[in-house]
Structures are given as C-alpha cells and as structure tokens.
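Peer 1: Okay, here's the structure, questions in a sec.
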Amino acid sequence: MIELGKMNRLKVVKEVDFGCYLDGGEEHGEILLPKCYVPKGCKVGDEIEVFLYLDHDERLVATTLTPLVQVGEFACLEVAWVNQYGAFLHWGLMKDLFCPFREQKERMVKGNRYVVYVKVDEESYRIMATAKVEKYLSPSRPPYKHGDEVDLLVWQKTDLGFKVIVDNRYMGMVYDKQLFRPLYKGDRLKGYIDHIRMDKKIDVTIQRTGRQQTLDFSSILLHYLQEHGGHCHLCDKSDAAEIAMVFKVSKKTFKKAVGDLYKQRLITIADNGITLTHPE
C-alpha cells in the first residue's frame, strides 16, 4: 500500500533518460524517481526505499532523500519563508513543507523554529504541517511503568518546566526542579518515566531514577576520577549548585554514588574531596 508522506519500498519498472519509474500499484500507476535521486547501479526489478510527496504541480513523485519528519510525526522545524497564505518550513526536501495560517497558533516568522505535526490534508490531499499539536497527541492512558526509557521531543517552556512529546504520541512534563542541564525547544533526548498522572499526562525525568540512576552515575564518577588524576574536589559536603554544574546531577544522587564507591573501597573521602584508592 502506497503511503504519501512516508518512506515506501517500491519496485523499479522502467528506466528513462530523466530517471526511472516505480510501481505505484493500480491506484497510483507509475511514480517518477528523478534522475538525480536514482541510486548508482539501480536497474529494472530492483526494490528501493523512497519517500513519496507531491511536486510543485501536485503530482506524486519519489525521492531517495529522507526528510526530517514524515506524516504522523512531530518535529521542530525552521521557517524558510512566508507568503500571504502561510509559512514554508525546511524539512530536508527541495519543496518546503507548507503550514497555512489556519494551522498556526501564532504567526510564524522566517528563521524561527516551531514544533509541528505533519499530516495529509483531507480536502486537498497535500502534505502540510500544523502547530496545533495538542490535537494529535493520544488521549489514551500511556502504557508505561516507572523507570521505562522513552524518546522525548522538547516542545515548549512553562512556569513549571518543559512540556515534552513522549515517543511521538503522548504529552509529558519535565519539571525545572529535576533539571541539571539546559533544555531547548526542539531538543531530542532520552527520558525516563517517573509517574503517570490522573489526567493521563506523564511526569518524565531526563535521568534514570532510583537505584539504576545511582549505578549509572557511579560509573560516570569513577571515570571522571580516572581522567582527572584520581581526585575530585567535591564531596558530600559540597554545595548542591556546584555539584549540579560539574556533573548535572542532584546532590542526593552524588552522595549515593560516593557512598557506593566508598563501600567498594574504590575511593577515600576527605574534607578536600574524594580520591581513588588505587589511581592508575
């Protein structure tokens, strides 16, 4: 089945001077893959991975380029230009992605970046972007449990922290009090489920929680000591802000990791910091 705005695996059925044609089935017929995108050595009968979109004349066309976002996905894209109908966004293809004014929450400005959802317009059959992303987040209860690893797209800043899109499907929140590194709109990173709220929204952290977080940071701290002459000037009495600045973790996590390494007799603790017992 052909899917507009997505990657498709199609068979080459004809070679011509200006490219080759791919089998689009009975509904779509032959689909042009322009010569500049035809893989070297490609021949009739080969199956290739292509992205399908509409060209400037609204004809179905293929490319071997992979766009920054496909239909059904969220992304943070930069505005390339604006006209009387809306904004056009960079998404990695020759033809920019259209976001009409009716799909904007605020008037988009050239050079600025916005989080959008990509869809096929039911009336025009055109691929377009919408900044009204809330409409396309799942209302169902997320299936996660505490500690599950997820993919995050940073959406927008609030008074409490950052709204994020979880696994391209759910709304989540990362709270300022749990941040030990800067976040910016459009960042993509791993996160960890902390709690599913009654309103089905998700509280997320960007560091592992509980025992696993301690184990992970213990390894990081040990490596730091090995790379810094076996010594770190910080200890469990150090200021939380300084610990966060150096290691991007809370003082609680730092102290637990120090305790772990001490119990393993890998470090000694003093007022001037911590030191490897057997520095290499």
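The values are calculated or read from the model by the stated rules, or taken from the named source; none is laboratory data. Being a predicted model, the structure only gives us computed values, none of them experimental. Neighbour counts run over all protein chains shown; Cβ positions are idealised from the backbone, glycine included. When the accessible area is computed, the model is the full protein with side chains, heavy atoms only, and any ligands, DNA or RNA have been set aside. Shrake-Rupley method; radii C 1.70, N 1.55, O 1.52, S 1.80 Å.
Peer 1: Considering each residue of segment 153-188, count those that are open to solvent by less than 40 Å² (accessible area, probe 1.4 Å) and more than 24 Å from Val246 (Cα to Cα), and give that number.
Peer 2: 11
Peer 1: Give me a count of the residues in segment 26-36 that are surrounded by fewer than 19 Cβ atoms within 10 Å (Cβ to Cβ) and either in contact with a strand residue (DSSP E or B) (Cβ under 9 Å, 6 or more places away or on another chain) or under 30 Å from Trp155 (Cβ atoms) (or both).
Peer 2: Filtering segment 26-36 down to residues surrounded by fewer than 19 Cβ atoms within 10 Å (Cβ to Cβ) leaves 26-30, 34-36.
Right, trim to either in contact with a strand residue (DSSP E or B) (Cβ under 9 Å, 6 or more places away or on another chain) or under 30 Å from Trp155 (Cβ atoms) (or both) and you get 28-30, 34-36.
Counting residues in segment 26-36 that are surrounded by fewer than 19 Cβ atoms within 10 Å (Cβ to Cβ) and either in contact with a strand residue (DSSP E or B) (Cβ under 9 Å, 6 or more places away or on another chain) or under 30 Å from Trp155 (Cβ atoms) (or both) gives 6.
Peer 1: Also: Would you check which residues across segment 169-201 are in contact with a Phe, Trp or Tyr (Cβ under 6 Å, 6 or more places away or on another chain) and modelled with pLDDT of 90 or more and list them?
Peer 2: Val174, Ile193
Peer 1: On the phi > 0 side of the Ramachandran plot and touching a residue at least 60 places away in the same chain (Cβ under 8 Å) - does that describe any residue in segment 39-51?
Peer 2: Scanning segment 39-51 turns up no residue that is on the phi > 0 side of the Ramachandran plot and touching a residue at least 60 places away in the same chain (Cβ under 8 Å).
Peer 1: Still on this structure: Quick test for you: out of Val115, Val150, Val174, pick the one residue that is farther than 22 Å from Leu68 by Cβ, of a type in the set (A, V, I, L, M, F, W, C) and assigned to a strand (DSSP E or B).
Peer 2: From the options Val115, Val150, Val174, the qualifying one is Val174.
Peer 1: Please go through segment 2-30 and give me each residue that is free of Cβ contacts under 8 Å to residues at least 12 places away in the same chain and either under 33 Å from the mean Cα position of the chain (by Cα) or in a strand (DSSP E or B) (or both), ordered by number.
Peer 2: Hit for segment 2-30 is Val16, nothing else.
Peer 1: Of all the residues that make up segment 37-49, how many are open to solvent by less than 60 Å² (accessible area, probe 1.4 Å) and outside any loop (DSSP other than H, G, I, E, B)?
Peer 2: Matching residues across segment 37-49 total 2.
Peer 1: Considering only segment 130-179, state which residues are without any contact (Cβ under 8 Å) to a residue 40 or more places away in the chain, under 23 Å from Glu106 (Cβ atoms) and polar (S, T, N, Q).
Peer 2: Residues satisfying the conditions are Thr130, Thr158.
Peer 1: Another one. Looking only at segment 130-144, decide whether some residue is open to solvent by 40 Å² or more (accessible area, probe 1.4 Å), of a type outside the set (A, V, I, L, M) and in contact with a Phe, Trp or Tyr (Cβ under 7 Å, 6 or more places away or on another chain). Lay out the reasoning, then the answer.
Peer 2: At the first step, the residues of segment 130-144 found to be open to solvent by 40 Å² or more (accessible area, probe 1.4 Å) are 132, 134-136, 139-141, 143-144.
Now drop any that are not of a type outside the set (A, V, I, L, M), which leaves 132, 134-136, 139-141, 143-144.
From what's left, in contact with a Phe, Trp or Tyr (Cβ under 7 Å, 6 or more places away or on another chain): 136.
Yes, that holds for at least one residue.
Peer 1: Looking at this structure, is Val16 open to solvent by less than 10 Å² (accessible area, probe 1.4 Å), β-branched (Val, Ile, Thr) and farther than 30 Å from Met171 by Cβ?
Peer 2: The answer is no for Val16.
Peer 1: So, in segment 61-88, how many residues would count as being buried (at least 17 other Cβ atoms within 10 Å of the Cβ), part of a loop (DSSP other than H, G, I, E, B) and either in contact with a helix residue (DSSP H, G or I) (Cβ under 7 Å, 6 or more places away or on another chain) or hydrophobic (A, V, I, L, M, F, W, C) (or both)?
Peer 2: Counting residues in segment 61-88 that are buried (at least 17 other Cβ atoms within 10 Å of the Cβ), part of a loop (DSSP other than H, G, I, E, B) and either in contact with a helix residue (DSSP H, G or I) (Cβ under 7 Å, 6 or more places away or on another chain) or hydrophobic (A, V, I, L, M, F, W, C) (or both) gives 2.
Peer 1: Here is a check on your reading of the model: is Tyr53 of a type in the set (Ser, Thr, Tyr), open to solvent by less than 80 Å² (accessible area, probe 1.4 Å) and within 23 Å of Gly92 (Cβ to Cβ)?
Peer 2: Taking the combined requirement at face value, the residue satisfies it.
Peer 1: Could I ask something else about it? Which numbered condition in (1) more than 26 Å from the chain's Cα centre (by Cα); (2) among the charged types (D, E, K, R); (3) more than 16 Å from Met7 (Cβ to Cβ) is the only one that Arg102 fails?
Peer 2: Answer for Arg102: the failing condition is (1).
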